[in-house]
Structures are given as C-alpha cells and as structure tokens.
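Below is one structure, written out as structure tokens, with a few remarks after it.
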Amino acid sequence: MANKLNGFLDNFFGGVTNPKGNLGDFQHAQRLYVDNALRLAPKTKFLSFVNFTINAEALRDLPKLDNAHLAELNMLVKSFDMPQYRASVDVKNQYNRKKNVQTKLEYQPVTLTMHDDNFGITTMLMEGYYRYYYKDSNITNIESSYDPRSTYKAANGRGYRFGLDNDKTVPFFRNIKLYQFSRHEYTEYTLVNPIISQWGHDSMDQTDGTGLAENKMVVEYEAVLYNRGAIGEDSPATFASSHYDQTPSPLNIEGGGVANLFGGGGVLDGASDTLGKIQKGDIFGALISGANTIRNAKDLTFDSIKNEGLSILTGAVVDAVRDPGGVPNINFAKNKGNGGSEQVTEATAPEDTGTTEQRAAKVAAARAANSATSFPAADALPPTF
C-alpha cells in the first residue's frame, strides 16, 4: 500500500513540477502570436502602399499625368525598400577608456520597382522627371538641331542649352510616402526631399514568355518622418479611392450571409446588424441586412440548428477536458476499482449509431467523467526508484 501511495505521490509531484512532461505543445507561440487579435504576429510584406507627391510646377509639364493617373501610379508600385539608416561611430580614447561617439547619420538609398503598365503611367513618371531636370529631353527634332561641336544649335546660330541647364529650382517631388498596413492601421514613412539617383527601364527578351516588364528607380532622401493612423477610403491619400472591390463578401450579412444560427453572417449576427443600422439611421442598409437575415432564417431547419449547437458544445467540452500538457489524443488511465486500469478512447467508448458529432460529444463526456472521478491506478503508473 505504501509503495502504491509513494508511486502516486511521486507522479503527482512530477506533474506539478513538470506539467508538460517529455513533450511540449505550441502554447508559447499561441500566447505570443495569436493572443489579443494577433497583436504580436509578424506583419505581411504584401500589405503595403506608396504615395508620390509631385510639385504643381512639375505637373504642368505632364498633362497626361492628371490626378486620376496619379492615384493609379501609387498602386503600380510592385516592391520597395523600407528606410535604412547607418550611423558613423568613432571610437575615442577618453583617458584610456574607450568611448563610442556618433558623428553623423547616413540614409541608405531606397529602391522602388514599378510595373511597366500598358498605358505607360510609370514610364510617364520617369519621362517627366527626366524632362523636368535635363534640357536634352526637350529637344524635339534631333536631326535638325544636333551639332557635333556644340551638341545643339538653333536656326539663328545660337546653341541650345543642354544638361542640367533647365532653370529648375523647385524639386520634382514634394515627398514620397511609404506605407505598411496591419490590423486596419497604417504606419507611414515620409521621405523628405527625395531625389532620384538612378532610374531606368527593363530589358527585353523574346525568349522570355513569362516575365513582366518593370521600371525601377533608386531614391535618395534627407530625412524620414514617421506617422500612424487608421486605414480607410482616401486614408492614406488616394488609397481605396478607385479600382477597389467595394462589394460586400458573401460571408457577410450585407453580402448575403449564411444559413447558420450562430457565427459571423448568421441569423443572430444579421438581426444584431439590422438593429444597429436602424439605430444609426441607415434605413437602406437595414432593409438589405433584414432581407438577407429573413431569407437565411427560412433556410434553417431543426436538424441544422441541433447539429450546429452540438458542434459548438463538442468543441467546448473537448477544450474543457483537454490534457494540461497539450499532447493531443493521449489519455490517462482509469481506475477500475480492482487495481486494473483501462484507457478511455474512441475505441473503448460506448458504441453509438448516431452522427459523427454525437459520437465525438459522448467520447468527450466520457473523458471528462473519467478524469474528474478517479485517479490513475498506482500499478498503471511508471515504477518509482
């Protein structure tokens, strides 16, 4: 008797001091990344946006690049680098003590890659930048004006200006804003006084049947400003203002909803949404939501409601009796009263001809009763030393 009691106590204290045993589950990652609506989960790279702000003087030379095309330009950025910084640090000798001293901050160039679209919007941007700063691009007839000695000549004998001699003092870009999106909020990085240090078009290849043409630019800047805000239409500027699907999802009550009693888009959710719209004065939206809710309610049957409730109950019971160690499909021994033991599993649970959900509920209930009413038999536990 004493040996059985000692064995039980050893296993009891072992479970308290080492609850996970030899196997551990994913609860650490669950607590870190999933809790609080994925607050600490990593951001995805494809949720991003770019906004080019061009000075009005530069836009006057680009009549085709109007406001509508500017909004499209912002959406045609394929990929871009986030701001990077490099601090110059000198090591000083302060009376034989090493001291690190910052001397300057360098802003690393940002590369933006854009789709070379069929309409030519991104090419217009590069052409406009080239024409704005460099006089060469404004020569319309190179055959009649080119001179190998003075580069360009006019009919009156005076030479045309070329290169950077273009009388431009206002920068082409007012700023370039980079955005990261996450959980209905954006993080904004504003590049101050951006200037392009390298830009160009893609290479062509007749043997490449899958590649997509790109335009690329490398941007230098003088500082970075940070900001944050809520995502919405035209927030950030030009975002979701055109070319965006505004049709509600079919899983949402406004898009039709689903013929379930519980859950998102279900009948109860639709009734709550309809009442909320009535309180806000959105009568048209309430009529749509109410009509979809009534239609979904007509599709409900007693069997569907019973199965839905049973499924929810089964999940709740399974979660309630789940092993604290988190190892799935591993069960503890049950005391039979005669020193023996048995395992309560799907195989040893009472047979049932009901549905899969009903059998799962009975198995979960059997596990709960087993773990709540008896301890493992001492002779079924590992030997003690």
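Tabulated data
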| read-out | value |
| --- | --- |
| Linear extension gain, residue 29 paired with residue 283, 0.36 nm per residue minus alpha-carbon span | 87.0 nm |
| Neighbourhood net charge (10 Å Cβ-Cβ; Lys/Arg +1, Asp/Glu -1) for residue 254 | 0 |
| Spin-label model distance (nm) - residue 82 vs residue 240, 7 Å beyond Cα toward Cβ | 2.2 nm |
| The stretch 162-258: chymotrypsin sites (Phe, Trp or Tyr not before Pro) falling in loop per DSSP and having at most 14 other Cβ within 10 Å | 244 |
| Flagged links, alpha-carbon separation over 21 Å, of 43/78; 45/78; 135/177 | 135/177 |
| Sum of side-chain charges, residue 202 neighbourhood, beta-carbon under 14 Å (Lys, Arg +1; Asp, Glu -1) | -3 |
| Computed FRET value (nearest 0.05) for residue 102 with residue 198, which takes r as the C-beta separation and R₀ as 35 Å | 0.80 |
| Formal net charge of residues neighbouring residue 117 (Cβ-Cβ distance under 11 Å; K, R +1; D, E -1) | -2 |
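Laboratory data are not the source of any read-out in this text; all were calculated from the coordinates shown. Note that the structure is predicted; figures quoted are calculated from it, not measured. Every residue, glycine as well, gets a Cβ built from its backbone with ideal geometry; the counts of neighbours run over all protein chains shown.
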